[in-house]
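Student: Below is the structure I would like to discuss, written out as C-alpha cells.
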Amino acid sequence: MPLHWNGKVAGGALGVNELKCKLRTVTGNWWSAATGRGPRTLLGRSFPWHLCLVATTFWVGEIHDPNAHDGSQMISAYDGWWYERYGGCDGVVEDGVCNTEVREAANNYFPKHMTPQQNPFYLDLPFNDVTNEKAFSQRHLIPWANDFGYAGNLENKNFSYMKNRWVELSFRGKTCFAQIADAGPVVYDDFEYVFGENNERPKNSEFNGAGMDVSPAVVGCLGFDALNGTQAGVSWRFVDEVDVPDGPWKIVVTESGYDWSSGGPQANQ
C-alpha cells in the first residue's frame, strides 16, 4: 500500500460517479455510453450506488449530546466498549473534551495523538440490525445474510450483519473505503434507503437529512469542506471485502464482532 495516499484507486471511475451524482442517474448503460468505460471490475457482488447524499462527522469519544440516548460515541450500537476497544479518543483531548482534528495524507489520515486499535476509517448507516426490532425482523433480506460467516444467525441477538461491512465512498473525484462501526444518524430502521436499489432518500430529516456519519479519517481522505459539519454530494455503496483495494483503510482492519455482553445500558436503538 502507498505510504502517502493520493485519493485515487486504480481502475476506479470516481469522476464518473461524481458526474452521475450531478445528473441524478443510476443507469449503468449511461455510465458506459457517456464515458467510454465502466466502473472497475469487481470480483464480488456489484451493489447499487446511493448518490448525492449528505454526510456528517462523528468520532470515537465524541459527546454530541449528553442528554440524547444516542448522543455519545463512547459506545456504539454494536459495541458497549467502543471507546476502550478503539484505544481512546479518535482525535485530541482538550480541557477534558474529545475533539476532532485535521487529518493529513502524509499520516494516512490517522489520528495524530493516539494509536488506534481499530480501523480509523469507519462510518454508520441508519440500520441497527440487532436491537431495533423492525430492523432485526428484516435481517433475512440483507444481501449477505446467507454468506459464509453470516448464515445461521438470523435469530442470534448477539450477532450483527452490519458491523465491519465495507463501504466505498465517493466525493468530488476521490474514493475512500470504510467499515461500518455504528448505526445512525437518528434513524435505525431505514431498510429502504440502506438496501434499496433505486437511490431512495434517507428517512432522517435532521442534520440536513444526513444519510451517514463518517469518521475524521474519511473526512480527510475525501476532502470535505468542513472539519466538523455536514457535507452534501457524497455517494456510497457496499462492497465485498474482496473488492476493497489496498489503502490506508487496510492498515488496521476491525474484526471484533457485536458485543454488549458487559457494556453499559444499551444505546443507539
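Student: Is the stretch 45-250 best put as rounded, prolate or oblate by its Cα gyration tensor, with a ≥ b ≥ c the root eigenvalues, rounded for a/c under 1.5, and otherwise prolate when a/b is larger than b/c, oblate when not? Before the final figure, lay out each step's value.
Tutor: Working: a/c = 1.44, a/b = 1.28, b/c = 1.12.
Judged from the Cα gyration tensor, the stretch 45-250 comes out rounded (a/c under 1.5).
Student: What net charge is computed for the residues neighbouring R103, neighbours being all others with C-beta under 13 Å from the C-beta of R103, Lys and Arg scored +1, Asp and Glu -1? Let's see the in-between values first.
Tutor: Working: positive: K112; negative: D90, E101, E104.
Around R103, the surrounding residues sum to -2.
Student: So how far apart, in nm, are the two label points at R85 and E206 if each is 7 Å from Cα heading toward Cβ?
Tutor: 2.4
Student: Compute, for the stretch 45-250, the length of the dipole vector about the Cα centre, with Cβ point charges of +1 (Lys, Arg) and -1 (Asp, Glu) only. Units Debye, rounded to 20.
Tutor: Numbers: 15 positive and 29 negative charges, 82 e Å.
With only Lys, Arg, Asp and Glu charged at Cβ, the dipole is about 400 debye.
Student: Sum up the charges of everything whose Cβ sits under 13 Å from the Cβ of D79, counting Lys and Arg as +1 and Asp and Glu as -1, but leave D79 out. Walk me through the numbers on the way to the answer.
Tutor: Values: positive: R85, K163; negative: E84, D124, D182, E255, D259.
For residues surrounding D79, the net value is -3.
Student: Pairs on different chains or at least eight residues apart, Cα atoms closer than 29 Å: how many lysine pairs in the stretch 45-250 fit?
Tutor: 13
Student: List the residues whose amide H sits under 5 Å from the amide H of T175, counting only those 5 or more places along or on another chain, with H placed 1.01 Å from N in the peptide plane.
Tutor: It is V9, by chain and number.
Student: With a 10 Å Cβ neighbour count serving as the proxy for reagent exposure, in which order, fewest first, do V194, V60 appear? Write out the running numbers ahead of the final one.
Tutor: Details: V194 23, V60 30.
Ordered from fewest to most neighbouring Cβ atoms within 10 Å, V194, V60 come out as V194, V60.
Student: Right, here's the next one. Find out how many positive minus negative residues lie around G223, taking Lys and Arg as positive, Asp and Glu as negative, among other residues whose Cβ is under 11 Å from that of G223. Mind showing how you got there, number by number?
Tutor: Working: positive: R103, R172, K174; negative: D225.
The answer is +2.
Student: Taking amide H positions as placed 1.01 Å from N in the peptide plane, with prolines and chain starts having none, which residues 5 or more places from S160, or on another chain, fall under 5 Å of its amide H?
Tutor: Y258
Student: Please sort 177-187, 222-232, 93-103, 74-84 by packing, taking for each peptide the average over its residues of neighbouring beta carbons within 10 angstrom, highest first.
Tutor: Values: 177-187: 24.5, 222-232: 15.9, 93-103: 13.9, 74-84: 22.5.
Descending packing order for the listed peptides: 177-187, 74-84, 222-232, 93-103.
Student: Once you place label points 7 Å from the Cα toward the Cβ at H113 and D246, how far apart are they in nm?
Tutor: It works out to 3.3 nm between the two label points.
Where a number appears in this text, it was derived from the coordinates with a stated rule and is not lab data. In this text, all values refer to a predicted model and were calculated from it rather than measured experimentally. Note: ideal-geometry Cβ built from the backbone for every residue, glycine included; neighbour counts use all protein chains shown.
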